[in-house]
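Trainee: Questions regarding the structure given below will be posed in turn.
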Ligand code: BJW
Ligand code: ZN
């Protein structure tokens, strides 16, 4: 069976990169971006996650982020988050690169995490650049929030389309991708760059590529083992008897 095969291989690698996307948090009740799941009040998530949408209507964009904050604050990590944390304890060299902004990997206890697209609980001032982290939702009348220091508009400290990723974060991930023995890609449609390029770097350097997703993705074409299934359920089966 494919899960047994993946388990056998993955528990033997000496350095593992895990790349996650929204599908990892789907079983925690957090909507994904693409497909019918990615709709909020009839707005398409991928149309809201843009600097243009924020310039046009910061209140609307903030309402969406505030709604997502609420969903996340009421959610618990699932077996996929916990399984990934367990892999970190077992495998000598481990890095988790997540595209998710929901902080659920950290809640589950993962330590060596790089957040490629930021964190939904951080705000950044569009005027003075001040960054703050607070796990809360805003009152409706506070939206869009302003900076206490300079009065400018605050924005979620996340990476929108057309914006560069944190240079240090992406270079650390790429450095690890070029030297690791395998990458496990979980719950991402693998269409958003530069994150989507990571599995190809691993493959090119001779590393193994593993994937867990409910549907085939562009990564499936280069994957050595591809599990078609839900991430939480797959991890639950795979991590049985690992302590
Ligand atoms: C399950 C499951 C279950 C469900 N179990 N599985 C052409 C080529 C290359 C690049 C580009 C291009 N045209 C434009 C670009 C650039 C652009 C890009 O990649 N666009 C593509 C869409 C074409 N990229 C960028 O703009 C990036 N920046 C950049 O390139 O900067 C360059 C630059 C340099 C110098 C100066 C200026 C610029 C930035 C990308 C930022 C993406 N931001 C978002 C929002 C983050 C904040 C927030 O959360 O609100 O990131 S968009 C959104 O997509 C979010 C996600 O992290 C990201 C990826 O989505 P993800 O996680 O894969 O979710 P879904 O919904 O797509 O997929 C879920 C998957 O799970 C599915 O496959 C399901 O089957 C599966 N699933 N349930 C297992 N239970
Ligand atoms: Zn400010």
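Trainee: Which of the numbered conditions does residue 157 fail, given that it passes all the others? Conditions: (1) touching a strand residue (DSSP E or B) at 6+ places or on another chain (Cβ under 7 Å); (2) part of a helix (DSSP H, G or I); (3) touching a residue at least 24 places away in the same chain (Cβ under 8 Å).
Mentor: Residue 157 satisfies all of (1) touching a strand residue (DSSP E or B) at 6+ places or on another chain (Cβ under 7 Å); (2) part of a helix (DSSP H, G or I); (3) touching a residue at least 24 places away in the same chain (Cβ under 8 Å) except (2).
The rows are residues; the columns are (1) out of contact with any strand residue (DSSP E or B) (no Cβ under 6 Å at 6 or more places or on another chain); (2) more than 30 Å from residue 240 (Cβ to Cβ); (3) modelled with pLDDT under 95.
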{"site": "99", "(1), (2), (3)": "yes, no, no"}
{"site": "110", "(1), (2), (3)": "no, no, no"}
{"site": "113", "(1), (2), (3)": "no, no, no"}
{"site": "119", "(1), (2), (3)": "yes, yes, no"}
{"site": "123", "(1), (2), (3)": "no, yes, no"}
{"site": "127", "(1), (2), (3)": "yes, yes, no"}
{"site": "133", "(1), (2), (3)": "no, yes, no"}
{"site": "138", "(1), (2), (3)": "yes, yes, no"}
{"site": "141", "(1), (2), (3)": "yes, yes, no"}
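Trainee: Which number in (1) away from ligand 1 (no atom under 13 Å from the Cβ); (2) in a helix (DSSP H, G or I); (3) out of contact with any strand residue (DSSP E or B) (no Cβ under 8 Å at 6 or more places or on another chain) marks the one condition that residue 9 misses?
Mentor: Unmet condition: (3).
Trainee: Still on this structure: So residue 217 fits all but one of (1) crowded, with 19+ Cβ neighbours inside 10 Å; (2) within 19 Å of residue 2 (Cα to Cα); (3) in contact with a helix residue (DSSP H, G or I) (Cβ under 8 Å, 6 or more places away or on another chain); what number is the exception?
Mentor: Status for residue 217: all satisfied but (3).
Trainee: Quick test of your reading of the structure: residue 124 fulfils all but one of (1) within 16 Å of ligand 1 (Cβ to nearest atom); (2) under 19 Å from the mean Cα position of the chain (by Cα). Name the failing condition by number.
Mentor: (2)
Trainee: Which residue pairs have Cβ atoms under 6 Å apart, sit 6 or more places apart or on different chains, and have a first residue in region 189-201 that is at pLDDT 95 or above and a second that is crowded, with 16+ Cβ neighbours inside 10 Å and assigned to a helix (DSSP H, G or I)?
Mentor: Partner pairs satisfying both residue conditions: 190/196; 190/219; 198/177; 199/219; 201/177.
Trainee: Is it true that some residue in region 27-34 is at pLDDT 95 or above, over 22 Å from the mean Cα position of the chain (by Cα) and either part of a helix (DSSP H, G or I) or surrounded by 14 or more Cβ atoms within 10 Å (Cβ to Cβ) (or both)?
Mentor: no
Trainee: Assess whether residue 67 counts as being assigned by TED's automatic domain parsing to the domain that holds residue 142 and touching a helix residue (DSSP H, G or I) at 6+ places or on another chain (Cβ under 7 Å).
Mentor: no
Trainee: Select from region 92-117 the residues that are touching a residue at least 40 places away in the same chain (Cβ under 8 Å) and surrounded by fewer than 20 Cβ atoms within 10 Å (Cβ to Cβ) and list them in ascending order.
Mentor: Within region 92-117, 92, 93, 114 meet the criteria.
Trainee: Listed residues 80, 53; which is in a helix (DSSP H, G or I), farther than 19 Å from residue 121 by Cβ, under 20 Å from the mean Cα position of the chain (by Cα) and within 11 Å of ligand 1 (Cβ to nearest atom)?
Mentor: Of 80, 53, the one residue that is in a helix (DSSP H, G or I), farther than 19 Å from residue 121 by Cβ, under 20 Å from the mean Cα position of the chain (by Cα) and within 11 Å of ligand 1 (Cβ to nearest atom) is 80.
Trainee: Filter region 127-155 down to residues that are under 30 Å from residue 19 (Cβ atoms) and touching a helix residue (DSSP H, G or I) at 6+ places or on another chain (Cβ under 9 Å) and give me whichever is nearest to ligand 2 (Cβ to nearest atom).
Mentor: The qualifying residue nearest to ligand 2 (Cβ to nearest atom) is 154.
Trainee: Go through region 156-169 and give me each residue that's surrounded by fewer than 16 Cβ atoms within 10 Å (Cβ to Cβ) and either in contact with a helix residue (DSSP H, G or I) (Cβ under 8 Å, 6 or more places away or on another chain) or on the phi > 0 side of the Ramachandran plot (or both).
Mentor: Those that are surrounded by fewer than 16 Cβ atoms within 10 Å (Cβ to Cβ) and either in contact with a helix residue (DSSP H, G or I) (Cβ under 8 Å, 6 or more places away or on another chain) or on the phi > 0 side of the Ramachandran plot (or both): 161, 162, 163.
The values are calculated or read from the model by the stated rules, or taken from the named source; none is laboratory data. As the structure is a computational prediction, the values presented were derived from the model and not from experiment. Positions of Cβ are backbone-derived with ideal geometry, glycine not excepted, and every protein chain shown enters the neighbour counts.
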